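Q: One structure coming up, written as structure tokens, with questions to follow.
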Amino acid sequence: MNKKRVLIVDDQGELRKLVRMTLEFGGYELHEAGYGERALELATVIKPDLVILDVMMPGEIDGYQVCEQLKKGTFEKVPYVILLTAKGQASDLQEGDRVGADDYLIKPFSPLQLIDTVKLALQ
């Protein structure tokens with residue numbers, strides 16, 4: 001059985017490490033990117049099943065824009081996208097819906113909540 005590929009995208013290395021440590025015993029193939037442009041580059045190569053994506057990142061494009069690009073259908077494989085962000089206002093959730101996010105976790109998050117959300121997404 002092939003391992004499910006998960007791309008973790010956040011500009012904070014500590015948070016990427018926390019997500020990686022939370023998921024590393026789940027048998028997933030884990031990849032990381034620190035900004036939006038790199039996430040899109042990696043997504044074309046690794047074809048992730050799931051992308052855990054921060055919204056606020058430095059660079060030319062933010063997480064909403066990355067999500068929108070991933071969901072456009074120009075990628076060989078359209079991944080499940082979980083937005084992981086401190087932005088939890090109703091307008092932020094609406095923007096996540098608009099760009100096609102499949103799920104939304106608000107920081108700070110529970111590692112158990114993350115594990116459950118990922119398992120559900122990759123069923």
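Q: Mean-square fluctuation check for the chain, GNM, Cα pairs under 10 Å: which of Val55, Val66, Val45 is largest?
A: Of the options given, Val45 has the highest mean-square fluctuation.
Q: Let me ask something else about it. For the chain, compute Rh as the Kirkwood radius over C-alpha pairs and then the Stokes-Einstein diffusion coefficient at 37 °C and 0.692 mPa s; write the answer in µm²/s, rounded to an integer.
A: 233
Q: Tell me, what is the FRET efficiency for Gln123 and Ile61 to the nearest 0.05, using R0 = 25 angstrom and their Cβ-Cβ distance as r? All intermediate terms of the calculation are to be shown ahead of the outcome.
A: Working: r = 30 Å, r/R0 = 1.18.
Efficiency computed from Cβ-Cβ geometry: 0.25.
Q: Scan the chain and report its longest stretch carrying no trypsin sites (Lys or Arg not before Pro) that are both in a DSSP loop and have at most 14 other Cβ atoms within 10 Å. Each step should come with its number before you reach the end.
A: Working: sites that count: Lys3, Lys72, Lys77.
Longest stretch, sites excluded: 4-71.
Q: Got a number for carbon plus sulfur as a percent of the chain's accessible area, 1.4 Å probe? Kindly include the intermediate steps, with their values, before the conclusion.
A: Working: 3340 of 6650 Å².
Its accessible area is 50 percent carbon and sulfur atoms.
Q: Let me ask something else. Give the relative contact order (percent, whole number) for the stretch 1-45; include only Cα pairs under 8 Å separated by 6+ residues. If you can, show how the numbers build up before the last one.
A: Working: 49 pairs, mean separation 21.1, N = 45.
Once divided by the residue count of the stretch 1-45, the mean separation gives 47 percent.
Q: With +1 assigned to the C-beta of every Lys and Arg and -1 to the C-beta of every Asp and Glu, and no other charges, what is the dipole magnitude of the stretch 4-120 about the Cα centre in debye, to the nearest 20? Provide the component values of the computation, followed by the final result.
A: Numbers: 14 positive and 20 negative charges, 59 e Å.
The calculation lands at about 280 debye.
Q: Please go through the stretch 19-123 and write out the chymotrypsin sites (Phe, Trp or Tyr not before Pro) that DSSP classes as loop and that have at most 15 other C-beta atoms within 10 Å.
A: Values: sites: Phe25, Tyr28, Tyr35, Tyr64, Phe75, Tyr80, Tyr104, Phe109; in loops: Tyr28, Tyr35, Phe75, Phe109.
When the chymotrypsin sites (Phe, Trp or Tyr not before Pro) of the stretch 19-123 are filtered for loop state and at most 15 Cβ neighbours within 10 Å, Phe75 remain.
Q: Right, another one. Computed over the Cα atoms of the stretch 1-63, what is the convex hull's projected area averaged over all directions, in nm²?
A: Working: hull surface 16.0 nm².
In nm², the orientation-averaged hull projection of the stretch 1-63 is 4.0.
Q: Going from most exposed to least, what order do Asp62, Asp116 have by accessible area with a 1.4 Å probe?
A: Values: Asp62 50, Asp116 95 Å².
Greatest to least solvent exposure: Asp116, Asp62.
Q: Also, quick follow-up: Determine the relative contact order of the chain: mean sequence separation of Cα pairs under 8 Å and six or more apart, normalised by residue count, in whole percent. Before the final figure, lay out each step's value.
A: Working: 203 pairs, mean separation 29.0, N = 123.
Here the relative contact order equals 24 percent.
Q: At a Förster distance of 25 Å, what's the computed FRET efficiency of Arg98 paired with Val45, Cβ-Cβ distance as r, to 0.05?
A: Working: r = 27 Å, r/R0 = 1.08.
Given R0 = 25 Å and the Cβ-Cβ separation, E is 0.40.
Q: Excluding same-chain pairs closer than 8 in sequence, count the lysine pairs in the chain whose Cα atoms lie under 13 Å apart.
A: Numbers: Lys3/Lys47; Lys3/Lys119; Lys4/Lys47; Lys4/Lys77; Lys4/Lys119; Lys47/Lys71; Lys47/Lys77; Lys87/Lys107.
So the count of such lysine pairs works out to 8.
Q: May I ask you to give the solvent-accessible area per residue for the chain, in square angstrom, as obtained with a 1.4 angstrom probe?
A: Values: 6650 Å² over 123 residues.
Per-residue accessible area for the chain comes out at 54 Å².
Q: Oh, and also: Out of Asp49, Asp92, Asp11, any idea which swings most in a Gaussian network model of the chain, alpha carbons joined below 10 Å?
A: Asp92
Q: With a 1.4 Å probe and all protein chains kept in place, how much accessible area does Thr74 have, in Å² rounded to the nearest 10?
A: 110
The values are calculated or read from the model by the stated rules, or taken from the named source; none is laboratory data. Note that the structure is a prediction, hence the values are computed from the model and not measured. Here Cβ is always computed from backbone atoms with ideal geometry, including for glycine, and neighbour counts include all displayed protein chains. The area values use the complete protein model at the heavy-atom level, side chains included, leaving out ligands, DNA and RNA. Shrake-Rupley method; radii C 1.70, N 1.55, O 1.52, S 1.80 Å.
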